[in-house]
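Written out below as structure tokens is the structure these notes cover.
No lab work stands behind these numbers, since they all come straight from the coordinates. Note that the structure is predicted; figures quoted are calculated from it, not measured. Neighbour counts run over all protein chains shown; Cβ positions are idealised from the backbone, glycine included.
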Amino acid sequence: MTKTHTTGGLTEKHHRLIELLVSGSSVTDAAAESGFSRAWAQHLMSDNVFFIAELERRRHESLMELRDRLRETVLTAASASMELLRDETVSPATRLQCACSILGKLERYFGEAKPPRTPEDVAGDVSRLRQSELFRSLGEDEREKAELIERSKTELNEEE
């Protein structure tokens, strides 16, 4: 496959790997199907700020699509649960269990989803994780952040 670059320097192979991961494939299967070794795919997922940011963006987009598709089903289930909660013939223990179940799912499906990070945000987070607590301050190290971004750009242009 040619190395046609798209947004952010990621190739079609990178985007294929991302789509497979987002759709639920294992790292091993996604890597094999997209033409990468498992080790390289793992490296991209943990060290390449552009890959990480795009993977997060696609996961977030996928979550939003899933929420939209599930919304009607959840509303139907909520209506049925509300009828159960109002039904005096149903035991109080069952109604309490139903109410707790509904409340527990509200946050998961309707809570605010954390937005995906940009490559710069990922680089800052990785930089902070790598900082030694003894020798560096808690603030962002701009030099290391810039190095991570440059290294990520460079490795996307190199062969595996």
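Just rank LEU63, LEU10, fewest to most, by other beta-carbon atoms within 10 angstrom.
Fewest to most other Cβ atoms nearby, the residues stand as LEU63, LEU10.
To the nearest 0.05, how large is the calculated FRET efficiency for GLU33 and SER79 if R₀ is 45 Å and r is the Cβ-Cβ distance?
After rounding, the FRET efficiency stands at 0.60.
Once both labels are modelled 7 Å past Cα along the beta-carbon direction, what's the SER62-ARG143 spacing in nm?
It is 3.9 nm.
Mind sorting ILE52, ILE149 by how few other Cβ atoms lie within 10 Å of their own Cβ, fewest first?
So the residues, fewest neighbours to most, are ILE149, ILE52.
Given segment 37-112, what whole percent of its Cα pairs are spread farther than 13 Å?
I get 75 percent for the Cα pairs in segment 37-112 exceeding 13 Å.
Give me the distance in nm between label points sitting 7 Å out from Cα along the Cα-to-Cβ direction at GLU88 and HIS43, one decimal.
The answer from the label model is 7.1 nm.
Would you mind ranking ASP87, ASP125 by Cβ crowding within 10 Å, fewest neighbours first?
The order, fewest Cβ neighbours first, is ASP87, ASP125.
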